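Beneath this line is the structure, given in structure tokens, with notes to follow.
The values are calculated or read from the model by the stated rules, or taken from the named source; none is laboratory data. Only a predicted model underlies this, so the values are computations on that prediction, with no experimental measurement involved. Here the Cβ positions follow ideal geometry from the backbone for every residue, glycine too, while neighbour counts run over all protein chains shown.
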Amino acid sequence: MLNKLTDTERIAALEGRVSWLESELRISQEINITAKIRQKWNLTPSEVHLLDLLYRRRGKFTARGLIVDLMWSSDATQPGDEIVNVHVCRIRKKIHRNAIITEPYVGYRIGDRLAEEIGRLHAQVA
């Protein structure tokens, strides 16, 4: 004889399924946004990752050391802070020199125009 689920168990199972589907949808949207950003400006995965990090922290300056920690935390050998300078330089060449703002001795933040453009890409995918 089959076990019958109570209404509470059915609801809990459905809520779990909805939560999983919402997670899958967010992942799918992130993949689509990443692809659009990468294609629009012909960026490498690391450059897209850096832009995404700065976009999520828009309005705030982010120190190079924190960027390295967030981008390469899973790597056994983390690169030095200079790698951030290299990626910022490449992004500026591909997009615009004001795409990323530098505050000496503080860090980097995404430029307002670029943040708005990425925001529009997010809105298209959502």
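Do you know which of the residues in segment 61-110 that are among the aromatic types (F, W, Y) and in contact (Cβ under 8 Å) with a residue 40 or more places away in the chain is farthest from I37 (Cα to Cα)?
If we take residues in segment 61-110 being among the aromatic types (F, W, Y) and in contact (Cβ under 8 Å) with a residue 40 or more places away in the chain, then F61 is farthest from I37 (Cα to Cα).
Filter segment 83-109 down to the residues that are β-branched (V, I, T), part of a loop (DSSP other than H, G, I, E, B) and more than 18 Å from the chain's Cα centre (by Cα) and list them by number.
If the condition is that a residue be β-branched (V, I, T), part of a loop (DSSP other than H, G, I, E, B) and more than 18 Å from the chain's Cα centre (by Cα), then V106 is the only one that fits.
Looking at segment 61-82, is at least one residue in contact with a Lys or Arg (Cβ under 8 Å, 6 or more places away or on another chain), within 25 Å of H122 (Cβ to Cβ), of a type outside the set (V, I, T) and not in a helix (DSSP H, G or I)? Talk me through it step by step, then tell me what you get.
Taking segment 61-82 and keeping what is in contact with a Lys or Arg (Cβ under 8 Å, 6 or more places away or on another chain), we get 61-62, 81.
Okay, now just the ones that are also within 25 Å of H122 (Cβ to Cβ), so 61-62.
Then drop every residue that is not of a type outside the set (V, I, T), which leaves 61.
Right, trim to not in a helix (DSSP H, G or I) and you get 61.
Yes, segment 61-82 has at least one match.
Would you point out the residue of segment 17-59, among those that are at pLDDT below 70 and among the polar types (S, T, N, Q), that is surrounded by the most Cβ atoms within 10 Å (Cβ to Cβ)?
N32
When you go through L43, L51 one by one, which is the residue that is assigned to a loop (DSSP other than H, G, I, E, B), within 18 Å of the chain's Cα centre (by Cα), closer than 26 Å to A123 by Cα and touching a residue at least 24 places away in the same chain (Cβ under 8 Å)?
Of L43, L51, the one residue that is assigned to a loop (DSSP other than H, G, I, E, B), within 18 Å of the chain's Cα centre (by Cα), closer than 26 Å to A123 by Cα and touching a residue at least 24 places away in the same chain (Cβ under 8 Å) is L43.
Here's the yes/no breakdown for (1) farther than 18 Å from M71 by Cβ; (2) modelled with pLDDT of 90 or more; (3) surrounded by fewer than 16 Cβ atoms within 10 Å (Cβ to Cβ); (4) touching a Gly at 6+ places or on another chain (Cβ under 8 Å):
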residue: R92; (1), (2), (3), (4): no, yes, yes, no
residue: R97; (1), (2), (3), (4): yes, yes, yes, no
residue: L121; (1), (2), (3), (4): yes, no, no, no
residue: Q124; (1), (2), (3), (4): yes, no, yes, no
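Just one of the numbered conditions (1) in contact with a strand residue (DSSP E or B) (Cβ under 9 Å, 6 or more places away or on another chain); (2) within 16 Å of S46 (Cα to Cα); (3) β-branched (V, I, T) is not true of T102; which one?
Among (1) in contact with a strand residue (DSSP E or B) (Cβ under 9 Å, 6 or more places away or on another chain); (2) within 16 Å of S46 (Cα to Cα); (3) β-branched (V, I, T), the lone unmet condition for T102 is (2).
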